[in-house]
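Structure first, commentary second.
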Amino acid sequence: GEEVQGALWEPMEVVGKDRIYIPMEGDVGSRLLCECTPLPNGLPITSESDMVQAAPSETLSSTPLGTGDLRVVSYNLLADYNLKQDVARGDPAALALDPETRDMQHRRQLLLRELVNYRADILCLQEVDRDSMYGDFLHGHLKHLGYEGVYANKMHTSTPIGNAVFWNCSKLRLVDAETLDLTQGSEIQALLEAAPTLGLAMSKTTTVANLVLLEDMSGKRFAVANLHLFGDPGAPHIRLLQTYIVLCAAARHAAPLLLCGDFNCGPESGVFELLAFGAVNENHPDWIRGGNFEWGAVGQKTLNWQSIPQEQWCAAMSLSHAFSLSTAGVPEYTYWNGRWGFVVDHIFLDAAFSVQSLAAVPPSELAQEYGAPSTLFPSDHVAVVADICWN
């Protein structure tokens, strides 16, 4: 063999000369040597890949949906940073994962293949590692496939995790993009000042959202909000306030709205009620449930809010918005906790749009059999995939 940069190579075969090469079945068990020559007169630079592994025999892929104008995907990718934190804490579920599933180099390939298979026009992604997923991997690959994207990191923290939105450049162009800080907001400042405990908790959440204004080829504009709300089960009031901040920011664009993300709550929540019905008042149970929440305490997953004396109720305010929103549908589950499935990921759309189709999620029996994450489920969430059309 020939030794190149410390590696022993068998006689080599040229398998591709394009900027991107997708390994084939015949490459399994081999390593790939990539050689790039900088122009105009640079010296060749080589880089060696890991061993090519066989792809899983079963994969999650999209089925043909409707013939809508746009396909929208919302997907929590399970940040590698969070998974490593779970392993470091000795979380039994994380420790039980096989090494291949815990390997981000392997898992991100599965995630990319799944995302490409959806053939989406808009990708709203949560728990995106800033460097290992967005910067060093996803942005480049999706750009080659005709997408552009923006990333928003968590606020007021060095933790390299955030949200990303990508759009299909052949159908959409970016008009405006902003990062929304959901730890504070002028719309709720008076409430936070009147309730210092709530204000402190909000300031510690690090929650962020993307808000982009897109325009299609016919000139129609619409806003897309991508959010990952605070996850403590004992803080539904904080999720209400964070959602309200997003709605207020989106309203400034005076355009139809698509609202996507991991809401960390289901159809029974105040957030769902605010979005679908347009308002919640100061007596909503979610304000009462939040009365016992303090930063640093573990939120109670079950609480008989009717037993809380009124003097212990959380500070509250009536919230409303002028959008006419409805859910694209409620799948069987969107998050798998190892034993059960829960619906926490949603797509809401303005009355300017109609839902053509909502993709069915994989049967829960598969999640039970394979686990999530696994070689079949590269995240502990599944994607919500909807085809929508203009009315």
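List of remarks:
- Only one entry of 344, 361, 384, 330 meets the criterion of being in contact with a Cys (Cβ under 7 Å, 6 or more places away or on another chain) and either within 30 Å of residue 83 (Cβ to Cβ) or open to solvent by 60 Å² or more (accessible area, probe 1.4 Å) (or both), and that entry is 344.
- The one condition in (1) at pLDDT 60 or above; (2) in contact with a Ser or Thr (Cβ under 9 Å, 6 or more places away or on another chain); (3) surrounded by 11 or more Cβ atoms within 10 Å (Cβ to Cβ) that residue 4 fails to fulfil: (1)
Conditions (1) under 26 Å from residue 388 (Cα atoms); (2) at pLDDT below 95; (3) open to solvent by 10 Å² or more (accessible area, probe 1.4 Å), marked per residue:
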| residue | (1), (2), (3) |
| --- | --- |
| 206 | no, no, yes |
| 209 | yes, no, no |
| 224 | yes, no, no |
| 230 | no, no, yes |
| 241 | no, no, no |
| 251 | yes, no, yes |
| 268 | yes, no, yes |
| 288 | no, yes, no |
| 292 | no, yes, yes |
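- Residue list for region 356-391, restricted to those being in contact (Cβ under 8 Å) with a residue 40 or more places away in the chain and of a type in the set (Val, Ile, Thr): 375, 382, 384, 385, 388
- If the condition is being open to solvent by less than 10 Å² (accessible area, probe 1.4 Å) and more than 16 Å from the chain's Cα centre (by Cα), then region 253-265 contributes only 257.
- The residues of region 276-298 that are β-branched (Val, Ile, Thr) and within 18 Å of residue 205 (Cβ to Cβ) amount to a single one, 298.
- The set of residues from region 347-357 being modelled with pLDDT under 95 and open to solvent by 50 Å² or more (accessible area, probe 1.4 Å) comprises just one member, 356.
The values are calculated or read from the model by the stated rules, or taken from the named source; none is laboratory data. Treat the numbers as computed from the prediction; the structure is a model and nothing was measured. Counting neighbours? That spans all protein chains shown, and the Cβs are built from the backbone with ideal geometry, glycine included. Just so you know, the surface numbers come from the protein's heavy atoms only, side chains and all, with ligands and any DNA or RNA stripped out. Shrake-Rupley method; radii C 1.70, N 1.55, O 1.52, S 1.80 Å.
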